[in-house]
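Written out below as structure tokens is the structure these notes cover.
The values are calculated or read from the model by the stated rules, or taken from the named source; none is laboratory data. Here the structure is a predicted model, which means the values were calculated and not measured. A quick note on method: Cβ atoms are made from the backbone with ideal geometry, for glycine too, and the neighbour counts reach across all protein chains shown.
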Amino acid sequence: MQSVVLFLLNGAGPMHMEAARWVEYGSSANSFIKSMPETRFAQTGNVFGQLTDSAAAYTSIACGVKTANNKFGQDKYSENCYNLFERAADLGVRTGIVSKTSLEEPELQSLLSHNKLFTTTPDLVMSPGALAFNSTQLTFDQVTAQSQLLNETALPFQAHVTLTKFIDSADKITLETLVFSALNVLIKDNKPFILVINAMTVQQLAQDLVGEAIEAELIGAKLIQFCTKNKIALVTSGTFEFGGLTLPDTMIALKDALPATVKDTEKNQARKTRFASIQAGLVTASDKQTNAMVLVGSTHKMNKINHIKQINQHVFDILLGKTDKVTGGSDKDMIRRQKMAKKEQTAVKPEQQNELFIGVGIGAGIGIAGIVAYFLLKK
């Protein structure tokens, strides 16, 4: 069986990710998703064709069904759905989550809310609010002082790490630290696994997601290289679009990339300065979810994905070898595509600004100021 990483971009539409690339690279190029062999646009609406909320969106991905808003891991009739982790556990496949949002939030409840009915507690959890998962603990001070413990401590264990919004952070331990620590542990025994990474925290304003999107773009590029090297499948998708974000012509003023000479400890301040120069021009159509499509990328052939619910089956098609890897002629094709993308220079055209946004409505948004990450692994 083939191990799979499912990299979810919480609340991110294509424009959030594009704005992040302008701030980081001074160009709309360098998209880690567009450098993947297969890409699609997918709808996010709920079972009634309405704007999805967080619960319905994540349940679609976790369970492969459209459902009503405010349903966590359940169909529209309030019946529990067989979710991603339960299916994987039945096959003897390890499962894990790394998330910037709490276990109590809709994002993770769709995967974890009724797992105990099937005794499928995940093998790995890095998230706030991991109260139901009791194991040997590493203290916050231990992890902060010795981050290598995330890779070296015998299983099972739980580590507590405090994170903040990416663009406000000067922390040495970041979401990236946790993601690759988890992967390095999971690949040690060559057993198949599904790892769900839930990046980005939805803020009160859609513009605030741009800072989180920068982090996701940087992690995504590194995930492509890591997964290619270790022969792991990678699937990525937005979960819904938040705010109806459109970009101004002034983005073109950021024609140069973030200077390489900026010290690591000062990069986020430089990002804030660059973002502030274009922030006033960013336009949102709503302070909630919209019905704009999200972008889906995969290392494997996507036979049918026009709604995010179909991501669930795509993951299992990969796991069970039912869909082929798309390499473009070599196993290094994704890395080659990523390097080629960096040579592109694409300006935002006014006529393109509204092409993805076809309606606005109400939904639910999650605001989180900071998080505590919990790490759990079991044999």
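Kindly establish whether A253 is more than 26 Å from the chain's Cα centre (by Cα), aliphatic (A, V, I, L, M) and surrounded by 14 or more Cβ atoms within 10 Å (Cβ to Cβ).
Yes: the conditions hold for A253.
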Worksheet entry | Close pairs (6 angstrom Cβ cut-off, 6 or more residues apart or separate chains): on the phi > 0 side of the Ramachandran plot and at pLDDT below 90 in region 66-79, of a type outside the set (D, E) and crowded, with 19+ Cβ neighbours inside 10 Å anywhere | N70/A55; G73/T59; G73/C81; G73/N83; G73/S110; G73/S113
Worksheet item: In region 86-105, how many residues are in contact with a Ser or Thr (Cβ under 6 Å, 6 or more places away or on another chain), hydrophobic (A, V, I, L, M, F, W, C) and over 20 Å from L9 (Cβ atoms)?
Response: 2
Discussion item. Of the conditions (1) at pLDDT below 50; (2) more than 23 Å from the chain's Cα centre (by Cα), Q269 satisfies every one except a single condition; which number is it?
Written reply: (1)
Fill in: region 235-272 - residue that is assigned to a loop (DSSP other than H, G, I, E, B) and of a type in the set (S, T, N, Q) and, of those, nearest to E38 (Cα to Cα)
T239
Item to complete: Filter region 243-292 for residues that are under 16 Å from G26 (Cα atoms) and among the basic types (K, R) and give the result.
Response: K255, K267, R271, K272, R274
Item to complete: Scan region 302-321 and give yes if some residue there is of a type in the set (F, W, Y), in a helix (DSSP H, G or I) and at pLDDT below 90, otherwise no.
Response: no
Worksheet item: Just to be sure, is S99 in contact (Cβ under 8 Å) with a residue 60 or more places away in the chain and more than 19 Å from the chain's Cα centre (by Cα)?
Response: no
Fill in: Count of region 81-117 residues which are at pLDDT 80 or above and either of a type in the set (D, E, K, R) or within 18 Å of Q310 (Cα to Cα) (or both)
13
Worksheet entry | Hits in region 61-87 - residues which are surrounded by fewer than 21 Cβ atoms within 10 Å (Cβ to Cβ) and acidic (D, E) | D75, E79
Practice prompt. Only strands (runs of 3 or more DSSP E) wholly contained in region 1-107 count here; list those with 2 or more residues that are more than 21 Å from D123 (Cα to Cα) and not hydrophobic (A, V, I, L, M, F, W, C).
Written response: 38-42
Worksheet entry | Subset of region 207-230 [of a type in the set (S, T, N, Q) and in contact with a Leu (Cβ under 7 Å, 6 or more places away or on another chain)] | Q207
Discussion item. Pairs please, first residue from region 245-256 and β-branched (V, I, T), second anywhere and surrounded by 14 or more Cβ atoms within 10 Å (Cβ to Cβ) and part of a helix (DSSP H, G or I), Cβ atoms under 6 Å, 6+ apart in sequence or on different chains.
Written reply: T250/I278
